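This report concerns only the one structure given below.
The values are calculated or read from the model by the stated rules, or taken from the named source; none is laboratory data. Remember, it's a predicted structure, so these values are computed and weren't measured experimentally. So basically every Cβ, Gly included, is an ideal-geometry build from the backbone, and we count neighbours across all protein chains shown. Quick note on the areas: whole protein, heavy atoms, side chains included, nothing else; ligands and nucleic acids left out. Shrake-Rupley method; radii C 1.70, N 1.55, O 1.52, S 1.80 Å.
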Amino acid sequence: MKTIADIAAELQGYDPQSLPATTVNSFLSHLVEPVTSHEEVDVFHALGRVLSHDVISPISVPPHDNSAMDGYAFDGAQLTKTNKLNLRVVGTALAGKAWQGKTGPGECVKIMTGAIMPAGLDTVVPQEFVTRHTDQAQAGPSSGADAIAIPPGLLQAGDNRRKLGEDVMKGRPALQKGELLTPAALGLLASLGIEKISVWRKLRVAYFSTGDEILSLGEPPREGAVYDSNRYTVFGLLTRLGCAVIDMGVVRDEPAQLEAAFNRAAGEADAIITSGGVSVGEADFTKAMMQKLGDVAFWKIAMRPGRPMAVGRIGKSVLFGLPGNPVAVMVTFLAFVRPALLQMMGCKARPTPLLKARSLEALRKKPGRTEYQRGTVTTAPDGSLQVKTTGNQGSGVLSSMVQANGLIVLHHDQGNVAPGDEIDVMMFDGII
Ligand code: AMP
Ligand code: MG
């Protein structure tokens, strides 16, 4: 396990007094390690969990060539560009059982969506494309057999046929180790007939708030004190991520209480998240206790909001000491903690893509730090994306996070933004 000093020595341009946001991510990716034990869960309990093994498909889906439409199956080699095709209907193929008959040239089989394609037939004409009539010429005046006519130019051979294994082929990996199981993945597992699946164990994350001015819910308001919102935000963020949460309340700024809290958290959790008490001028004991109990670095990150952050290990747990301001907590979580926790969860998730949107206003920005502003992204009348900030961008203004649907990311070297400029946004709907 690498120490803070080991990682710092390996990183180019590591300056704890002014750390670029991208360096924070690389540092954390060296600090954290994925969980190593797994468990078996049934598919209904696998949502949001991370696969610990590749899933090799035991069957092909679909298991047979079948029809994608209600219509008539025929041999597509008979289609021509210019002439309509007349076919006699010699049977009906229903979904759920194979039609056993045989067809010859000039013949077709009425077929339902999902029914197995009869042998030798590769094309389906949807029923709304054909004219249907009683075929007097071929069947004789009294047989009453049906026939259809397909107009030229509508179809190509192979149309409206779903091929065996076109979704998943037997013996091939259907899902890969490290995949976060979404509703679509649950459906895919079920389509393979799989009832139980092996996933990495849940990550246990303990969190508490620090600061003597922080009130727990239920306590009467008092002058100079604020209610603890960070625990609730962090609880929500961790729960959405699929972590097992250990809520440790508000911890008073008092050495014995802090020491007990850190020791309990380190004993029970893979990661510890605290808020408050890590800024430069803090006269409290939080930083001192982190330093005493663990291997911890104290950073000033070149970002806004969220400058101070403590990172390291206490025992085997990874420590994320977040700043106290409510918006800074959310932004540092999204930018740094979330990707690190996903790595610990064994997840090989793609990083959340940044989208481009046109700024509806001028934004002031100093080069030399990354800024995350709260934005509302909407679709302009021409179909492109546009974004507006949610007003007051103070790092304590939590209502700005409630109104926003994404973060505007103004990168380290970027300067002022003029109205109409394209800027990057990180959407967070569905993530937080
Ligand atoms: P700190 O990082 O401890 O200097 O705190 C910065 C600001 O965030 C101060 O105004 C604190 O009152 C506020 N703050 C700290 N912790 C919390 C919390 N758990 N809930 C709401 N506000 C907080
Ligand atoms: Mg404080």
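Our summary gives the chain a relative contact order of 17 percent, counting only alpha carbon pairs under 8 angstrom and 6 or more residues apart.
Within the chain, antiparallel bridges make up roughly 70 percent of the DSSP beta bridges whose residues both belong there. The convex hull defined by the C-alpha atoms of the stretch 1-84 has an orientation-averaged projected area of 14.5 nm². Of all the options Gly267, Gly76, Gly96, the one that moves most in a Gaussian network model of the chain with Cα springs shorter than 10 angstrom is Gly96.
Comparing Cα centroids, the stretch 380-395 and the stretch 345-359 end up 18 angstrom apart. Here the 3J(HN,Hα) profile of the stretch 338-353, calculated from phi with Karplus coefficients 6.51, -1.76 and 1.60 at θ = phi - 60°, is 4, x, 5, 5, 4, 4, 5, 6, x, 8, 9, 5, 5, x, 4, x Hz, Gly and Pro shown as x. Dipole check for the stretch 203-302: with +1 at the C-beta of Lys and Arg, -1 at the C-beta of Asp and Glu, and the Cα centre as origin, the magnitude is about 320 Debye.
A dipole drawn for the chain from +1 and -1 charges on Cβ atoms has a positive end, and of Gly71, Thr389, Ala185 the residue lying farthest that way is Gly71. Probing with 1.4 Å while keeping every protein chain in the model, the per residue accessible area of the stretch 1-86 equals 54 Å². Residues whose amide H lies under 5 Å from that of Asp75, counting only those 5 or more places away or on a different chain, are Asp122; hydrogens are built 1.01 Å from N in the peptide plane. Projected onto planes of every orientation and averaged, the convex hull of the alpha-carbon atoms in the stretch 338-432 covers 7.1 nm².
Note on Gln291 and Lys170: the model spin-label points, each 7 Å out from Cα along the C-beta direction, lie 6.6 nm apart.
Mind putting a number on the dipole of the stretch 66-162 about its Cα centre? Charges go on the C-beta only, +1 for Lys and Arg and -1 for Asp and Glu, and I need it in Debye to the nearest 20.
The calculated dipole for the stretch 66-162 is roughly 80 debye.
Evaluate the charge dipole of the chain about its Cα centre and quote only its size in Debye, nearest 20, assuming +1 on the Cβ of each Lys and Arg and -1 on the Cβ of each Asp and Glu.
I would put it at about 540 debye.
Residues whose amide H comes within less than 5 Å of that of Ile56, counting only those at least five positions distant or on another chain, are Ala174 (H built at 1.01 Å from N in the peptide plane).
Modelled label positions at Ser216 and Lys177, each set 7 Å beyond Cα in the direction of Cβ, lie 4.3 nm from each other. Under 13 Å from a label point set 7 Å out along the Cα-to-Cβ vector of Val35, the amide N atoms of the stretch 312-349 belong to 341-347. Taking the empirical scaling 2.2 N^0.38 Å for compact globular proteins as reference, the chain has a Cα radius of gyration ratio of 1.39. Computed over protein heavy atoms with a 1.4 Å probe, the accessible surface of the stretch 316-432 works out to 44 Å² per residue. What fraction of the Cα pairs in the stretch 171-321, stated in percent, has a spacing above 22 angstrom? Considering the stretch 171-321, 50 percent of its Cα-Cα pairs are separated by more than 22 Å. Evaluating 6.51 cos²θ - 1.76 cosθ + 1.60 at θ = phi - 60° for every residue in the stretch 183-199, the Karplus couplings come out as x, 5, 5, 4, x, 5, 4, 4, 5, 8, x, 8, 9, 10, 9, 9, 10 Hz, glycine and proline recorded as x. Compare Ser384, Ser29, Ser209 in a GNM of the chain, Cα atoms joined below 10 Å, and give the one with the largest fluctuation. Greatest mean-square fluctuation among the candidates belongs to Ser384.
Taking only protein heavy atoms and a 1.4 Å probe, the accessible area of the stretch 47-194 is 53% carbon and sulfur. For the stretch 412-422, the Karplus equation 6.51 cos²θ - 1.76 cosθ + 1.60, evaluated at θ = phi - 60°, returns couplings of 3, 8, 6, x, 4, 10, 9, x, x, 5, 7 Hz by residue, with Gly and Pro reported as x. Of the three principal axes defined by the Cα atoms of the stretch 241-325, the extents in descending order read 32, 32, 23 Å.
Database remark: amide H of Asp159 closer than 5 angstrom to the amide H of Val124 (H placed geometrically; neighbours at sequence offset of 5 or more, or on other chains; Pro and chain starts carry no H). Fully extending the segment from Ala260 to Thr92 would add 53.0 nm, taking 0.36 nm per residue of separation and subtracting the current Cα-Cα distance.
Excluding same-chain neighbours fewer than eight residues apart, the lysines reachable from Lys287 by a Cα-Cα span under 17 Å are Lys300. Just so you know, the Rg over Rh for the stretch 89-247 is 1.37, from Cα atoms, with Rh as the Kirkwood radius.
Enter the Cα centre distance for the pair the stretch 300-332 and the stretch 158-201, rounded to the nearest angstrom. Answer, in whole Å: 38. Extension gain for Asn416-Lys84 works out to 113.0 nm (0.36 nm per residue, less the C-alpha to C-alpha distance). At 0.36 nm per residue, minus the direct Cα-Cα distance, what do Ala362 and Ile246 gain on full extension? Give it in nm, one decimal, please. Here the answer is 37.5 nm. Binning all Cα-Cα separations of the stretch 66-162 at 5 Å, short to long from zero, yields these whole-percent fractions: 3, 16, 26, 26, 18, 8, 2, 0.
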